[in-house]
Structures are given as C-alpha cells and as structure tokens.
Amino acid sequence: MDFGEMQIDVVSGGNFWIDGGNIFGVVPKVLWARLCPPDESNRIFLETNCTVVRANGRVVLIDTGYGSKATTQQKRNFRLQDGLPIVENLEIKGIRPTDIDFVILTHLHFDHAGGCTFRRDDGQTKPTFPNAVHVVQRIEWEDANADLPELAGAYNSEDFRSIADASLFRFVDGEEEVVPGVTVRLTGGHTRGHQVVYLRSGDNCVVCPADLCPLASHVHTPWTMAYDQFPLTTRIQKHQILLEAANEQWVVLFDHDSETKAALLAPDEKKTFAPTKVLVV
Ligand SMILES: [Zn+2]
C-alpha cells in the first residue's frame, strides 16, 4: 500500500492455531465459532501480521511473529511453522534482516517478540535484526523481567535478553515519534505496557491497535481476549481508537486476522463498528 511518502506492507511472522476461548474471552462459543470455525482441539487459525513501513530510506518493522525458538511441544500445540517465518517473508519483499532500522514491539508476548531473536547452532540466542533499534514501552520491559508469580508463563526472556545485552533497546514512556510519521503510544489493556502505532501522512493515518483488536470481529467493543490483563482498559482504549478511525476514515490494521488484514470502519448498531472496505496490504 502506498501511503503518502510511506510504503506499507503486511508480512507474516508465521501462522498458528490457538484455543478459540483464549481469543474470544467471555464471548460464547456459539457466536465466535460461526466466524472462526475451530478444529477438533478447539483451536482457531491466526496469523501474526507484522507491518513493514518504508519511508525516507528508513525501514521500520512492527512486531516480529513467533520466531524459531519454540520447543517441539509448543510447535505441536500451536501448529507453528518451521524456520524463521518473519525473515523468510521479509526476504520475499527484498528486505534483509540487516536492512531493518527500527523494530517496534507492541508488547513482549512470544507471538510478537519471538521473531526478534534466534538461537544459533552453538545454543546462544542473538538478535535477528542486528542494526535495529528495538522500541518498547519501559513498563512492558519491567513487567516482562519482573518474574512476578501472577505473570508466570506470559513472557520468555530468551525473546529479548540478547537485545538488551547488545544495547539495542529504546525504552519509551508513553508516546514518542520513532521516525517522522511513525508514533507509538502506551495503551495498557492487553498487557500493562502494551503500545499501539500510528502511521501518519498529512491528515491521513493508518492505525495499528495490535492486540487491543486482534481480529476484525473484535471491533465489537465487549469482544476481548481472555489473555487481556486489564480487560476494561482494552475496551476503553480500543473503543476510542476505533471511533476516531471510523470518524476520520483511517485505515485499521488487524494483527492476527488471516483474511481482513486492513480495513476502513463505520459505526454499526449491533457490532459497534463494521468494516466498510477491506484493503489489500
Ligand atoms: Zn498477539
């Protein structure tokens, strides 16, 4: 998608299958199963849509998928793809790992941060994008490293430790323009340090609400994931973001939807919002 001075592409960081109840939280299965038919283990198909922004000679990658470090059991449970999907799919677009100048991590869960490190043959974990400044909210970093019993299993330090060791992190407090036209903003909700990304060109904007609105069906305000640490914050933040996007006719990106990756929205009496136009990115 050409967007002002920017070229925006959505690239897969790997697809996977995950329990439908995890993704739809309090939504009854009879409702979500019509939209996302589960397999025999109650899993639904998700993408990890990563966004590449090329502007003024800079390359920004938003999220990195789940990477290649999963155990055999995780690979089986989530039906993960082999290899390092984000790197392979960037290569198809002519982008090498060394070309990436910034990696924005919306949060540090494995399906977003897993691809930004890989394990070498000698067992050491190294950054996948060695020239990139990795942008994450400071609170997200603190929570991911706090070893809190209430967050047990939420984060995998191998996903980000070697990036810190290589001094490749930039910690943000709240809102910051990463490069001209690319702004991150703390929202909380899904995790305490979850951030969203705005891509702006003139009066136009593309917004990446990340895991506040993972699938197009989550545009309905009460539809949130069981994974959300602060569900009410997710609902409040998501509603504000989508309302502004609908009013201003901004493009909304859906980070886990395999079909509707980008769309324009309008208010809808039943579903809060509805996609009016699905865009190819
Ligand atoms: Zn996610």
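The values are calculated or read from the model by the stated rules, or taken from the named source; none is laboratory data. Because the structure is a prediction, the values reported are computed rather than measured. Note: ideal-geometry Cβ built from the backbone for every residue, glycine included; neighbour counts use all protein chains shown. Remember, those area values only see protein heavy atoms, side chains included, never the ligands or the DNA or RNA. Shrake-Rupley method; radii C 1.70, N 1.55, O 1.52, S 1.80 Å.
Any residue at all in the range 247-259 that's touching a helix residue (DSSP H, G or I) at 6+ places or on another chain (Cβ under 6 Å), within 14 Å of the ligand (Cβ to nearest atom) and either modelled with pLDDT under 95 or open to solvent by 30 Å² or more (accessible area, probe 1.4 Å) (or both)? If you could, list the steps in order and put the result at the bottom.
Step one: filter the range 247-259 for residues touching a helix residue (DSSP H, G or I) at 6+ places or on another chain (Cβ under 6 Å), giving 252, 254-255, 257.
The next check asks that each one be within 14 Å of the ligand (Cβ to nearest atom); those that pass are 254-255, 257.
From what is left, the residues that are either modelled with pLDDT under 95 or open to solvent by 30 Å² or more (accessible area, probe 1.4 Å) (or both) are none.
No - not one qualifying residue is present in the range 247-259.
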(request) Go through Asn156, Asn145 for me and flag whichever is in contact with a Phe, Trp or Tyr (Cβ under 6 Å, 6 or more places away or on another chain), open to solvent by 30 Å² or more (accessible area, probe 1.4 Å) and closer than 17 Å to Gly114 by Cβ. (result) Asn156
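Where in the range 199-281 are there strands (runs of 3 or more DSSP E), lying wholly inside it, with at least 1 residues that are under 21 Å from Leu105 (Cα atoms)? Break it down stepwise before answering.
On the way: elements: 204-208, 251-253, 262-268, 272-279.
Per the criteria, 204-208, 251-253, 262-268.
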(request) Check whether at least one residue in the range 261-276 is within 16 Å of the ligand (Cβ to nearest atom) and under 23 Å from Gly65 (Cα atoms), and report yes or no. (result) yes
(message) For the range 192-215, check the following and say yes or no: at least one residue is surrounded by 23 or more Cβ atoms within 10 Å (Cβ to Cβ) and on the phi > 0 side of the Ramachandran plot.
(response) yes
(message) So, Val281, is that one closer than 18 Å to Ser12 by Cβ, more than 14 Å from the ligand (Cβ to nearest atom), in contact (Cβ under 8 Å) with a residue 40 or more places away in the chain and of a type outside the set (Gly, Ala, Ser) or not?
(response) yes
(message) Residues to consider are Gly67, Gly14, Gly94; find the one that is touching a Phe, Trp or Tyr at 6+ places or on another chain (Cβ under 6 Å), in a loop (DSSP other than H, G, I, E, B) and farther than 19 Å from Leu199 by Cβ.
(response) Gly14
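Does Leu61 meet the test of being at pLDDT 95 or above, of a type outside the set (Lys, Arg), in a strand (DSSP E or B) and closer than 20 Å to Pro127 by Cβ? I'd like the intermediate steps shown before the answer.
Details: at pLDDT 95 or above: yes; of a type outside the set (Lys, Arg): yes; in a strand (DSSP E or B): yes; closer than 20 Å to Pro127 by Cβ: yes.
Judged against the criteria, Leu61 is a match.
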(request) Say whether the condition of being more than 16 Å from the ligand (Cβ to nearest atom) and at positive phi is met by at least one residue in the range 167-178. (result) yes
